[in-house]
Amino acid sequence: MPYSPHDDRWWVPPLGFSALALVLLAVFSAPLREEGAWPWWWAGYLLPLGMVGRTWFIDRWQRGRQARVRLGVMGCVLTAAYLSLLEAMGGVVFFAMLLTGHVRA
């Protein structure tokens with residue numbers, strides 16, 4: 001079989017990463033579905049899901065395969081880590097406010 005620069009199975013990484021990102025979103029976003037959570041916190045998922053969605057539009061040749069996989073992996077990791085990053089940022093802001101005297105312990 002001669003070498004072809006066209007990737008016949010270009011759709012496999014985007015499909016796999018899209019499914020994985022949706023599962024990760026359903027699993028890791030449970031605290032945001034509780035009563036009292038601010039609805040605008042959901043906006044943080046736009047970037048990672050956009051990264052995963054972008055994998056569908058990357059070059060469909062062999063040279064685009066690594067870019068599809070890299071972008072899909074980064075999008076899934078950020079989807080899973082978003083709430084942890086949000087909590088860490090909240091802790092840093094609270095600690096900075098304690099140090100500067102904006103919050104009294």
_If I compute solvent accessible area with a 1.4 Å probe over the protein chains, what percent of it on the stretch 35-97 is carbon and sulfur?_
73
_Counting heavy atoms of the protein chains only and a 1.4 Å probe, report the per residue accessible area for the chain as a whole number of Å²._
72
*Nearest 10 degrees, 0 to 90: helix 65-100 Cα axis against the chain principal axis*: 10
*Which value, in debye to the nearest 20, gives the size of the charge dipole of the chain about its Cα centre, when Lys and Arg are +1 and Asp and Glu are -1 at the Cβ?*
320
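The values are calculated or read from the model by the stated rules, or taken from the named source; none is laboratory data. In this text the structure is predicted, and so the values were computed from the model without any measurement. Cβ sites come from the backbone with ideal geometry, for glycine too, and all protein chains shown count toward neighbours. For accessibility, only protein heavy atoms count, side chains too; no ligands or nucleic acids. Shrake-Rupley method; radii C 1.70, N 1.55, O 1.52, S 1.80 Å.
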